[in-house]
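Student: First, the structure itself, so that you have it in front of you.
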Amino acid sequence: MRNRSRRAELSDRDGGAARFASAISRHPREFVGIVIATLAVAAIFTNALFLQHGPHPAPIFAARPLAVPATPVALPRPRAAEPVAAPAAPARSQTQIIGDIQRELTRKGFYDGAADGIWGAKTDSAARDFVQAAGLTINVEASEVLLRAITSSNVSKAATASAPPRNDPIAQLIAPSSQVLAIQRALADFGYGQIKPTGVYDPATKAAIEKFERDRRLAVTGVISEQLTRELSAVTGRPLE
């Protein structure tokens, strides 16, 4: 019995194999297509499941993406507006500066000429009188520094000097002279003696004039003359008239 059933089983298996081979022989193209399709599907599954190092761009089983908390983005701070520099004031001419100096000296009583913007002997003497009266140590020249000093000072000619009595001829004779004062300052500035600029002709002024005349090979007189004034003005480059 057992041998018979085994023979029957073997017979059925052989018959199935024969039928399968017969089907392949009748439809070879279809069989080849099925085999290729089966291999392709197997390759796709193998690649998707075992050969990918990262997530597949189109996975078989779609997974819900993890929610990533939004990182707040810091907005740039608005830049403060830069202050606009005020345009520089145009430089003033020497004529304008001298004219303002003359007007300020007139207002304080040191100058009684015209505000013509020309730095002459009268303007120079008035400026030096102011500097001496105010006790300043600035250069007496046409500059904004001198103009600011005059404008900001409370010194006036009336408060620092008194005029000699009109009915006293001797006082009028020895009264300070602006020309003498200018000559004294020029001689002192250029090393012709320790002269105190007072505007009064004195022995120290006479000695300084004699020394200047000897240096310039002039006739030694020691007096203030037109020739002395002209030579001293040429040497110092300063108007003394």
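Student: Before we move on, is A134 of a type in the set (A, V, I, L, M) and exposed (fewer than 15 other Cβ atoms within 10 Å of the Cβ)?
Tutor: Considered against the rule, which asks whether it is of a type in the set (A, V, I, L, M) and exposed (fewer than 15 other Cβ atoms within 10 Å of the Cβ), A134 comes out as no.
Student: If you don't mind, there's one more thing I want to ask. Scan region 96-131 for residues that are surrounded by 19 or more Cβ atoms within 10 Å (Cβ to Cβ) and either hydroxyl-bearing (S, T, Y) or in a loop (DSSP other than H, G, I, E, B) (or both) and jot them down.
Tutor: Within region 96-131, K108, F110, Y111, W119, T123, S125 meet the criteria.
Student: Check region 222-232 and report whether any residue there is part of a loop (DSSP other than H, G, I, E, B), under 23 Å from E141 (Cα atoms) and polar (S, T, N, Q).
Tutor: Among the residues of region 222-232, not one is part of a loop (DSSP other than H, G, I, E, B), under 23 Å from E141 (Cα atoms) and polar (S, T, N, Q), which makes the answer no.
Bear in mind these aren't lab numbers, they're just calculated from the coordinates by the rules spelled out. From a predicted model like this one, the values you see are computed outputs, not experimental measurements. Positions of Cβ are generated from backbone atoms using ideal geometry, with glycine treated the same way; all protein chains shown enter the neighbour counts.
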